[in-house]
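Before we start, here is the structure in question, set down as structure tokens.
The values are calculated or read from the model by the stated rules, or taken from the named source; none is laboratory data. The model shown is predicted, which means the values in this text are computed figures rather than measured ones. With ideal geometry, Cβ positions are generated from the backbone for all residues, glycine too; neighbour counts draw on all protein chains shown. To get the accessible areas, we keep the full protein, side chains included, count just its heavy atoms, and leave off ligands, DNA and RNA. Shrake-Rupley method; radii C 1.70, N 1.55, O 1.52, S 1.80 Å.
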Amino acid sequence: IWLQVKKTLIGRTPEDSQILRSAVLRSPMTIWQSLDQWQFPMVDKDCCVVSKGIGTFHIRKRTDDLFHALPMQEPAVETAIRSLLRPGDTFVDAGANIGFYTVLASQLVGTQGHAIAFEMIPTTAEMLRLHVSQNGCVNAEVVEGALAETSEMILKASILAGKSGQASIARNFGAEDIEVKTITLAEQLTDYSSIRLIKMDLEGAELGALRGLGKDLVKVQAIIFENRGAEDVVDYLTQHGFQIS
């Protein structure tokens, strides 16, 4: 992962480059401190990076932002998005985080297409809006809220310090909790007659979000979702005519 950081991320300014370079140079020591678990690559100071072929992203210090700005951070996901989306398509980023896939999809669907990004954590949604704006994604819309089966509920989202990409309303990490208001996909996507692709990464809340789409699930042609034992999601989609691979 650190080799990918070195190859595919560039500091926007000399100061940003130095922050990134220092993190890379320290990486061997960082890695050895905790060999028994996954570690996100992180920087010690806020910086701004250019992700090759994608766009510009602000990285918050000691967070997982750096990983989520990496090209091919999830090779199968990025490859599928690139192969499925065409100019004029509508893309939904459910659990958009800082917006890597939103920015990528915005470029792929072009000015006649649409990218709708959902993010429930306010501070991350703020970063998402910044990245949509500074990367010229005029065809992208940011919606702040927690996707669920019903709207207007106040739920607690559990979030580990520095790991906004793992925030969840379905799992309790025993860490910081913040209150979020629920929204549904059906209410937010009424203006769109066809959805080419939904990328769904909601840390265990995928089924509720899908149920919140209701009968409008028929508008969706393809879905990419994170499956870590999510047999309920597999069963639900299979029952509604999707083929799972």
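Sort out for me the helices (runs of 4 or more DSSP H) sitting completely within the stretch 60-143 that have 3 or more residues that are without any contact (Cβ under 8 Å) to a residue 12 or more places away in the chain.
By residue number, 75-84.
Follow-up question, since we're still on this one. For the stretch 16-53, enumerate the residues that are in contact with a Ser or Thr (Cβ under 9 Å, 6 or more places away or on another chain) and either more than 21 Å from LYS163 (Cβ to Cβ) or polar (S, T, N, Q) (or both).
Residues satisfying the conditions are GLN39, VAL50, SER51, LYS52, GLY53.
While we're on this one: Could you please give the count of residues in the stretch 46-59 that are of a type in the set (A, V, I, L, M) and part of a loop (DSSP other than H, G, I, E, B)?
Looking only at that region, the number is 1.
Here is a follow-up. Report yes if GLY208 is over 21 Å from ASN227 (Cβ atoms) and in contact (Cβ under 8 Å) with a residue 40 or more places away in the chain, otherwise no.
no
Would you tally the residues in the stretch 108-131 being under 22 Å from GLU74 (Cα atoms), open to solvent by 10 Å² or more (accessible area, probe 1.4 Å) and in contact with a Phe, Trp or Tyr (Cβ under 9 Å, 6 or more places away or on another chain)?
2
From the list GLN166, GLN134, which residue is open to solvent by 30 Å² or more (accessible area, probe 1.4 Å) and modelled with pLDDT of 95 or more?
Every option except GLN134 fails the conditions.
Of the residues that make up the stretch 179-199, is at least one without any contact (Cβ under 8 Å) to a residue 60 or more places away in the chain, open to solvent by 40 Å² or more (accessible area, probe 1.4 Å) and touching a helix residue (DSSP H, G or I) at 6+ places or on another chain (Cβ under 7 Å)?
Yes, there is a match, as at least one residue in the stretch 179-199 is without any contact (Cβ under 8 Å) to a residue 60 or more places away in the chain, open to solvent by 40 Å² or more (accessible area, probe 1.4 Å) and touching a helix residue (DSSP H, G or I) at 6+ places or on another chain (Cβ under 7 Å).
Could you check the stretch 54-107 and list, in sequence order, the residues that are open to solvent by 30 Å² or more (accessible area, probe 1.4 Å) and at positive phi?
ARG62, MET72, GLY88
Please determine, by comparing only the residues of the stretch 1-45 that are assigned to a loop (DSSP other than H, G, I, E, B), modelled with pLDDT under 95 and open to solvent by 90 Å² or more (accessible area, probe 1.4 Å), which one is nearest to HIS68 (Cα to Cα).
TRP38
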